[in-house]
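Structure first, commentary second.
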Amino acid sequence: MDQGKEVIEKNGQIFALVFRKSYRPEGVNFLTPDDYTLQLGMIGHPAGRHIRDHVHNPQIHYKVDTTQEFLYVESGKIKVTIYDYDWNIIHETDLGPGDIILQVSGGHGFDVLEPCYLIEVKQGPFPGDKLMKFYREDPKVIL
């Protein structure tokens with residue numbers, strides 16, 4: 001395991017990736033496999049470096065068939081609980097300022113331990129609350 005990087009998995013299935021504030025690879029480093037629907041990279045460059053001007057190919061169309069969620073803790077502290085699809089707890093961890101989690105599969109919950117400000121990114125378009133999430137207290141849903 002790389003210092004500052006945690007892979008949360010069960011039976012070979014990855015449920016989440018955690019990157020601590022201390023994890024700072026140099027250069028351009030994409031941290032997710034090419035087939036993930038949400039690509040996460042960390043980029044570190046010295047002052048004076050130029051990143052070539054570019055546009056992204058508008059002819060490429062993506063098929064998004066799952067929701068992956070990125071969460072950045074800007075300030076404060078939260079406890080994250082990661083669940084499998086049967087609501088079994090896989091892992092719990094605290095996240096603080098500068099920490100990142102990418103929820104790849106399964107479920108999750110958060111407890112706010114200190115007042116916090118979070119930045120969340122996930123795929124769109126948004127299908128509405130009733131289709132987007134299933135809550136633990138909801139009747140059993142076959143996934």
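Taking region 84-132 as the region of interest, how many residues are hydroxyl-bearing (Ser, Thr, Tyr) and modelled with pLDDT of 95 or more?
Qualifying residue count for the region: 2.
Do you know which of the residues in region 1-38 that are under 14 Å from the mean Cα position of the chain (by Cα) and aromatic (Phe, Trp, Tyr) is surrounded by the most Cβ atoms within 10 Å (Cβ to Cβ)?
The qualifying residue surrounded by the most Cβ atoms within 10 Å (Cβ to Cβ) is PHE19.
Considering each of GLY107, GLY41, GLY98, GLY76 in turn, give the residue that is under 18 Å from GLU9 (Cβ atoms) and either surrounded by 14 or more Cβ atoms within 10 Å (Cβ to Cβ) or of a type outside the set (Ser, Thr, Tyr) (or both).
Within the list GLY107, GLY41, GLY98, GLY76, the selection yields GLY107.
The values are calculated or read from the model by the stated rules, or taken from the named source; none is laboratory data. Note that this is a predicted model, so its numbers are computed, not measured. Glycine also receives a Cβ, built like all others from the backbone with ideal geometry; neighbour counts cover every protein chain displayed.
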